[in-house]
């Protein structure tokens, strides 16, 4: 029998009640934060409920959608949203255990402070929208960023989602 290292759940609590909420932020909420949200929900969704937002929400990056689809994750239905709209949502914003910026240093400096957030982290990744070259070169660059984000999420999940080995 495997038990979580997080607090024990009472008989009438839903599994979702025990999940820690995580907000990923980047500039446009069009690629990096969307990929991070999808990876965390897929890899460590038993422990975390991931969301994403942007400082200046734009349109979903089609190369990010394609790069994620290649590995079996569909983010094409996702909508971009403003971090300020999340912040103004009141109690929902206060429920985030972690706010993680996934933009470069200049973008991270513009992120607001979330009251009630237990931990704010910064993981710097290049912006796929800033890639230049042919479509194939930009897609290859987006794949590289996708793989960097996945590796960082996997590492964090190894640290945060530790459970006893199955017997």
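Residues in the range 31-49 that are crowded, with 22+ Cβ neighbours inside 10 Å and out of contact with any strand residue (DSSP E or B) (no Cβ under 7 Å at 6 or more places or on another chain): 31, 35, 38, 39. Just for the range 59-88: of the residues that are assigned to a loop (DSSP other than H, G, I, E, B) and in contact (Cβ under 8 Å) with a residue 40 or more places away in the chain, which one is farthest from residue 22 (Cα to Cα)? Taking the candidates together, the pick is 70.
Quick check on residue 52: is it free of Cβ contacts under 8 Å to residues at least 60 places away in the same chain, surrounded by 21 or more Cβ atoms within 10 Å (Cβ to Cβ) and closer than 18 Å to residue 95 by Cβ? Here the answer is yes, as residue 52 does meet what is asked.
For the range 1-30, which positions are over 22 Å from residue 147 (Cα atoms), in a loop (DSSP other than H, G, I, E, B) and either in contact with a strand residue (DSSP E or B) (Cβ under 9 Å, 6 or more places away or on another chain) or at pLDDT 90 or above (or both)?
Of the range 1-30, the ones over 22 Å from residue 147 (Cα atoms) are 1-21.
Then keep just the ones that are in a loop (DSSP other than H, G, I, E, B); that gives 1-3, 5-14, 19.
Passing the criteria: 2, 3, 5, 6, 19.
Any residue that is surrounded by 16 or more Cβ atoms within 10 Å (Cβ to Cβ), modelled with pLDDT of 75 or more and either assigned to a helix (DSSP H, G or I) or within 16 Å of the chain's Cα centre (by Cα) (or both) - is there at least one of those in the range 104-115?
Our first condition is that a residue be surrounded by 16 or more Cβ atoms within 10 Å (Cβ to Cβ); within the range 104-115, this holds for 104, 107-108, 111, 114.
The next check asks that each one be modelled with pLDDT of 75 or more; those that pass are 104.
When the remaining residues are screened for being either assigned to a helix (DSSP H, G or I) or within 16 Å of the chain's Cα centre (by Cα) (or both), the result is 104.
Within the range 104-115, one or more residues are surrounded by 16 or more Cβ atoms within 10 Å (Cβ to Cβ), modelled with pLDDT of 75 or more and either assigned to a helix (DSSP H, G or I) or within 16 Å of the chain's Cα centre (by Cα) (or both).
I need the full set of residues from the range 117-163 which are over 16 Å from residue 27 (Cα atoms) and part of a loop (DSSP other than H, G, I, E, B), in order please. If the condition is that a residue be over 16 Å from residue 27 (Cα atoms) and part of a loop (DSSP other than H, G, I, E, B), then 117, 118, 132, 133, 134, 161, 162 are the ones that fit.
With the requirement that a residue be at pLDDT 95 or above and assigned to a loop (DSSP other than H, G, I, E, B), what does the range 31-58 give you? The one that is at pLDDT 95 or above and assigned to a loop (DSSP other than H, G, I, E, B): 31.
Looking only at residues of the range 17-30 that are touching a residue at least 40 places away in the same chain (Cβ under 8 Å) and surrounded by fewer than 24 Cβ atoms within 10 Å (Cβ to Cβ), we find that the one that is nearest to residue 141 (Cα to Cα) is 28.
The values are calculated or read from the model by the stated rules, or taken from the named source; none is laboratory data. Since this is a predicted model, take the numbers as computed values, not measurements. We place every Cβ from the backbone using ideal geometry, glycine too, and count neighbours over all the protein chains shown.
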